[in-house]
């Protein structure tokens, strides 16, 4: 990342892509009648839209660059937090849905952590650490859900 505005443009795009993908998954699961997974992805879409609004507020006075779709710096070619549509299927269980979301949150965390570890710009480093910390909280929350589901299944 060359400057804070470029970093913020990436952060906004990452959250926007996550919200859109979760909404797409919610609609797909609804159309298949998989209402439990649909509701889960709907919640995640809502949370991603909240994070998107936060990222936009953080951009504040910065004049953000107009980055074209293919010019974002994603290590895997796709927005890091956009949950895989290819890995989804109409019969996926809620446990699989949570795991799929967890993979995306971990990828988002790694994206920000990598920037924090490699940037020479102190302001970008501070922001990247803040964003990585938020993503780590999302990872922990999903891991709690997984553990709670495992306990639920073990006692039933």
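The values are calculated or read from the model by the stated rules, or taken from the named source; none is laboratory data. Values in this document were obtained by computation on a predicted structure and should not be read as measured data. We place every Cβ from the backbone using ideal geometry, glycine too, and count neighbours over all the protein chains shown.
Is it the case that some residue within segment 30-43 is farther than 25 Å from residue 148 by Cα and surrounded by fewer than 19 Cβ atoms within 10 Å (Cβ to Cβ)?
yes
In segment 7-26, how many are in contact (Cβ under 8 Å) with a residue 40 or more places away in the chain and closer than 18 Å to residue 110 by Cα?
11
Looking only at segment 89-111, filter to residues that are in contact (Cβ under 8 Å) with a residue 60 or more places away in the chain and closer than 14 Å to residue 11 by Cβ; which one of those is farthest from the chain's Cα centre (by Cα)?
Restricting to residues being in contact (Cβ under 8 Å) with a residue 60 or more places away in the chain and closer than 14 Å to residue 11 by Cβ, the top hit is 111.
Based on this model, can you work out whether residue 67 counts as surrounded by 14 or more Cβ atoms within 10 Å (Cβ to Cβ), in a helix (DSSP H, G or I) and in contact with a helix residue (DSSP H, G or I) (Cβ under 6 Å, 6 or more places away or on another chain)?
It is false that residue 67 is surrounded by 14 or more Cβ atoms within 10 Å (Cβ to Cβ), in a helix (DSSP H, G or I) and in contact with a helix residue (DSSP H, G or I) (Cβ under 6 Å, 6 or more places away or on another chain).
What tally of residues in segment 87-138 results from selecting those that are touching a helix residue (DSSP H, G or I) at 6+ places or on another chain (Cβ under 8 Å), over 20 Å from residue 46 (Cα atoms) and in a loop (DSSP other than H, G, I, E, B)?
Residues meeting the conditions: 6.
Take residue 117 and tell me if it is surrounded by fewer than 13 Cβ atoms within 10 Å (Cβ to Cβ), at pLDDT 90 or above and within 20 Å of residue 14 (Cα to Cα).
Considered against the rule, which asks whether it is surrounded by fewer than 13 Cβ atoms within 10 Å (Cβ to Cβ), at pLDDT 90 or above and within 20 Å of residue 14 (Cα to Cα), residue 117 comes out as yes.
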